[in-house]
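Asker: After the structure tokens below, expect a handful of questions from me.
What follows is calculated from the coordinates using simple rules that are stated; it is not laboratory data. Everything numeric here is computed off the predicted structure, so don't read it as measured data. Cβ atoms come from the backbone with ideal geometry, glycine included; neighbour counts cover every protein chain shown.
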Amino acid sequence: MSSTMWYIMQSIQSKYSLSERLIRTIAAIRSFPHDNVEDLIRKGADVNRMHGTLKPLHCACMVADADCVELLLEKGAEVNALDGYNRTALHYAAEKDESCVELLLEYGAQPNALDGNKDTPLHWAAFKDNPECVRALLESGACPNARDYNNDTPLSWAAMKGNLESVKVLLDYGAQVHVTNLKGQTPISRLVALLARGLGTEQEEECLELLCRAAGRFEIRRADGTLPRELSKDPQLLARLTNMVAQAPTLRSLARCAVRQSLGVQFLPTAVKELPLPETIKDYLLLRD
């Protein structure tokens, strides 16, 4: 590098503090070529300094850089610190990367932390359909039935996107199907709204079947007896679902729902395995029919 170029680079760098350079390096936004996270921290960059609305740990989780997350935690980053949106680093990690989630939990991240909208990390993992993140959070004590500002649960968030794999994991951990939000919507009606917009695929259809098995009965009417408005746009779907509603649930399916509810919030495959029942009935209870 020529002396002129070196002088220019030094002048530019001097405009930014070490902490600002740290978060720019993590995000790879206009970072300086020779900056690296470990060197900047060693020189005095503050790992807990807020830059805009983010802290370094939040930023590392946003870009799913597990190595950087681990380094920041080792250097004293506050694992449950809030950013400008009252979100923890775990909220960001849950959307993207299981390794980051596991690291944060290992360092004491709170699995049921609430952000400004009362969303938990589990809500975001379910919404983004990261089943491994969903599982890691649930294994560490995340509540499968946590409610956000609209009283939606993680299962509702997964259902509204037709996220089959996340729905499966949540149901395995005792997520409730018979829950309604402040607008009277259930996980099933959330999924129906997606189908009514013509956005359904085989995965969403399979998701609907799974939720119906878990519910024991199919019901899409709101508490006031009205149907979701979206169904008016798809008469064929409306006719199919109306027929499903008209079919009385079997005693067998209602019994399955009752047994699952009685087991509560726990890992149901383990709980059901211990029941003194034939394997075929255990499979039925675990929705594997």
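Asker: Among the candidates Leu194, Leu171, Leu182, Leu155, single out the residue that is hydrophobic (A, V, I, L, M, F, W, C) and over 25 Å from Lys96 (Cα atoms).
Answerer: Working: Leu194 fails: over 25 Å from Lys96 (Cα atoms); Leu171 fails: over 25 Å from Lys96 (Cα atoms); Leu155 fails: over 25 Å from Lys96 (Cα atoms).
Going through Leu194, Leu171, Leu182, Leu155 in turn, just one is hydrophobic (A, V, I, L, M, F, W, C) and over 25 Å from Lys96 (Cα atoms): Leu182.
Asker: Another question, if that's okay. Restricting attention to the range 152-161, report how many residues are touching a Pro at 6+ places or on another chain (Cβ under 6 Å) and not in a helix (DSSP H, G or I).
Answerer: 0
Asker: Is the range 134-150 home to any residue that is polar (S, T, N, Q), surrounded by fewer than 21 Cβ atoms within 10 Å (Cβ to Cβ) and over 29 Å from Val47 (Cα atoms)? Spell out the reasoning first.
Answerer: Taking the range 134-150 and keeping what is polar (S, T, N, Q), we get 140, 145, 150.
Going one step further and asking which of them are surrounded by fewer than 21 Cβ atoms within 10 Å (Cβ to Cβ), we end up with 140, 145, 150.
With the extra rule that they be over 29 Å from Val47 (Cα atoms), the set shrinks to 145, 150.
Yes.
Asker: Sort through Gly162, Gly184 and tell me the only one that's in contact (Cβ under 8 Å) with a residue 12 or more places away in the chain and surrounded by fewer than 20 Cβ atoms within 10 Å (Cβ to Cβ). Show your work before the answer.
Answerer: Numbers: Gly162 fails: surrounded by fewer than 20 Cβ atoms within 10 Å (Cβ to Cβ).
None of the other options fit; the residue is Gly184.
Asker: Something else now. Please verify whether the range 220-241 includes one or more residues that are touching a Ser or Thr at 6+ places or on another chain (Cβ under 6 Å) and either buried (at least 18 other Cβ atoms within 10 Å of the Cβ) or free of Cβ contacts under 8 Å to residues at least 40 places away in the same chain (or both). If you could, list the steps in order and put the result at the bottom.
Answerer: The initial filter retains those residues of the range 220-241 that are touching a Ser or Thr at 6+ places or on another chain (Cβ under 6 Å), namely 220, 228.
Filter once more, keeping what is either buried (at least 18 other Cβ atoms within 10 Å of the Cβ) or free of Cβ contacts under 8 Å to residues at least 40 places away in the same chain (or both): 220, 228.
So far as the range 220-241 goes, yes, one or more of its residues are touching a Ser or Thr at 6+ places or on another chain (Cβ under 6 Å) and either buried (at least 18 other Cβ atoms within 10 Å of the Cβ) or free of Cβ contacts under 8 Å to residues at least 40 places away in the same chain (or both).
Asker: Name the residues in the range 80-102 that are polar (S, T, N, Q) and under 13 Å from Leu137 (Cβ atoms), would you? Walk me through how you get there before you give the answer.
Answerer: We begin by selecting, within the range 80-102, every residue polar (S, T, N, Q); these are 80, 86, 88, 99.
Matches in the range 80-102: Thr88 only.
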